[in-house]
Amino acid sequence: MNGIWGIYLLSWLILLLLGYFLGCLNGSVMISHFVIRDDVRQHGSGNAGLTNFYRTYGARYALGVILFDMGKTVLACLLGGLVMRYLAGDWRLGVLLGGLGCELGHMFPVFFGFKGGKGILSGGTLVWLLDWRVGLIAWGLFAALWLLTKYVSLGSVCAAASMPVTTFFFCGQSILYTVLAVLIAALVIWCHRENITRLLHHQERKFQWHTGTPKEKE
């Protein structure tokens, strides 16, 4: 029995590490560095997420960031799901483990000085792979609050906060799933702590559509 648990725990660790290293491949940093020959973290908020990338470079390369970060999350979650389904018949546990590792890598990438994004795009992909109802509520909250207030951060934080609740109700009321969902949501909210402070002081920037970079529009 102890040997079986040892295998399970080792597999969890391996999935977390695989997810982490996939998450370290940050789309904003890689596209700004290898394609634009710049560093998105030297502009705006200094964050390596999609919002700061879009504000800095416009829509021209933003789709590439979206596809890149969604793709790495899908890969991490699928690997996790397949491994855990084979070992324990538990697809969702594997998705959460791979997704948690990917979030950690995206936020704290070892390849880029542990300075990454805030995990919204990768987290937003994870919820769909976990359960379509969890994804629908998270994205519905995000879209509604973003469109009503123009604050991306407000929608992001509320969407993240919804994940543990919906995971509990729609994923079998599993304590393990819920704890992992709480960890993921807590990481996202922690990375948005400065945004939350600015929201409370009415200093947060609102989202604005644009296609060209600031330099191109001067």
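A few remarks follow.
- In terms of its C-alpha gyration tensor, the stretch 97-186 comes out oblate, because a/c is 1.5 or above while a/b does not outweigh b/c.
- Gain in span if fully extended, LEU13 to PHE114, counting 0.36 nm per residue against the direct Cα distance: 34.4 nm
- Within the chain, longest stretch clear of exposed trypsin sites (Lys or Arg not before Pro) (DSSP loop, no more than 12 other Cβ within 10 Å): 38-205
- Structure-derived Rg/Rh (Cα atoms, Kirkwood Rh): which label, when the choices are (i) 1.00; (ii) 0.94; (iii) 0.97: (i)
- Listed by number, the DSSP H helices of the chain that run 27 Å or longer by alpha-carbon position along their axis and have mean Kyte hydropathy of at least 0.5 are 2-23, 62-88.
- Calculated FRET value between GLN173 and ALA143, using beta carbons and R₀ = 30 Å, to 0.05: 0.65
- Modelled label positions at LEU183 and LEU63, each set 7 Å beyond Cα in the direction of Cβ, lie 3.6 nm from each other.
- Rounded Å value of the spacing that divides the Cα centres of the stretch 121-154 and the stretch 6-60: 19 Å
- When each of LEU96, LEU63 is scored by the number of other beta-carbon atoms lying within 10 Å, the sequence from fewest to most is LEU63, LEU96.
- The chain - percent relative contact order, Cα under 8 Å, separation 6 or more: 21 percent
- Sparsely packed chymotrypsin sites (Phe, Trp or Tyr not before Pro) within the stretch 30-134, loop by DSSP, other Cβ within 10 Å at most 11: PHE114
Here, each number is a calculation from the coordinates, and none is a lab measurement. This one's a predicted model, so the numbers in the text were calculated from it and none came from an experiment. Backbone-built Cβ (ideal geometry, glycine too); neighbour counts: all protein chains shown.
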